[in-house]
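Single-structure report; data block below.
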Amino acid sequence: MGLKIKHFVVFITIACGISCRDSSTSLSEITSTQTSIDSSLDSADTINEFIAPYRKRLNDVLDSTLAYAPYNIGKEDGQFNTSEGNLLADIIFSEAQPIFKSRTGKDIDFVVFNHGGIRSAISKGNVSARTAFEVMPFDNSIVVVALDGNTIIEMIDFLRDSGRAHPVSGIQIVLNSDNTLKSLRIQGEPLDLARTYYVATSNYLVTGGDNMFFFKKAKDIIDTDYFIRNAIIDYFKRVDTVSALVDDRFIRLH
């Protein structure tokens, strides 16, 4: 009798082991659906109620008037330089210079930015922090690079041949009617090939963005950790009226 019970227990144990063994499975089909997140979706009242005070505070801050633009300022109103490009380059210069000076004891010589980095015009009327976010939606910071005279020449050739009004400040480029370089002055002085120049630009361009590969020849790179957008906002706070014009900083003679 004891032997029969023993055999029965062994049989049950083996049967349970076999039944508990992982069965082999394989994926036979995958189905999916795509849901667009747009105005057709119903909003959740509880979520809207929760974020309402934060949305109001954010909009109040973004839309608070900082300055006034007496006319439209855009980046398409000139061939070699534009009113908005000039404004942005001048802002980068004026707002970054004190930071760079305090950290290095040196001065920024000039500014080069990219035409495509300006994403919106500044319309006539009140100017706010939201305006700055529209003009510069990216978290690009102001970087100052040290370039030798030969690299500056390469930069000027690029600016001349690019076919776009890339913003500059602190430098004057005059072309002859046949597009050859007539004169180049930095802070009112002719280019000195033996000098090192400190050029303010964006961290995006320093990596060769917008085909500005000459920045990769920088002898030194100093990141101010100062967003261009924040510089624009700080400038708006400092001035009562925002104004800018197409001028003679980059021209071609006829």
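Please tell me the relative contact order of the chain in percent, rounded to the nearest whole number, where contacts are Cα pairs under 8 Å and at least six residues apart.
28 percent
Give Lys106/Lys219; Lys75/Lys219; Lys124/Lys182; Lys101/Lys237; Lys101/Lys216 a once-over and call out the pairs whose C-alpha atoms are over 26 Å from each other.
The pairs that break the limit, which is 26 Å between Cα atoms, are Lys75/Lys219; Lys124/Lys182.
Give me P(r) over region 135-244, computed from all C-alpha to C-alpha distances, binned every 5 Å, as integer percentages.
Reading the bins upward from 0: 2, 10, 18, 22, 19, 15, 9, 3, 0.
Modelled label-to-label distance, Arg103 and Leu181, 7 Å Cα→beta-carbon offset: nm?
Taking the two extended label points, one gets 2.8 nm.
Describe numerically, in nm with one decimal, the distance between label points set 7 Å from Cα along Cα→Cβ at Thr31 and at Thr46.
About 2.9 nm, to one decimal.
Can you tell me the dipole magnitude for the chain around its Cα centre, using point charges on the Cβ only (Lys, Arg +1; Asp, Glu -1), in Debye to the nearest 20?
I would put it at about 800 debye.
Identify, among Thr35, Ser162, Ser243, the residue whose Cα sits farthest towards the positive end of the charge dipole of the chain, taking +1 on the Cβ of Lys and Arg and -1 on the Cβ of Asp and Glu, with the dipole about the Cα centre.
Going by the charge dipole, the pick is Thr35.
Along the charge dipole of the chain, which of Gln187, Ser202, Val112 sits closest to the positive end, that is, farthest toward it, with unit charges on the beta carbon of Lys, Arg, Asp and Glu (+1, +1, -1, -1)?
Ser202
Consider the candidate values (i) 1.10; (ii) 1.00; (iii) 1.71; state which one is Cα Rg over 2.2 N^0.38 Å computed from the structure displayed.
(iii)
Could you give each residue of region 109-124 its phi-based ³J(HN,Hα) in whole Hz, using Karplus coefficients 6.51, -1.76, 1.60 with θ = phi - 60°, and x for Gly or Pro?
Per-residue couplings from phi come out as 8, 6, 10, 10, 10, 10, 4, x, x, 8, 9, 7, 6, 9, 7, 4 Hz.
Angle check, please: helix 149-161 long axis (alpha carbons) against the longest principal axis of the chain (alpha carbons), in degrees 0 to 90, nearest 10.
So the inclination is approximately 80 degrees.
Only the coordinates and a few stated rules stand behind these numbers; no lab work does. Remember, predicted model here, so these are calculated numbers, not experimental data. Cβ sites come from the backbone with ideal geometry, for glycine too, and all protein chains shown count toward neighbours.
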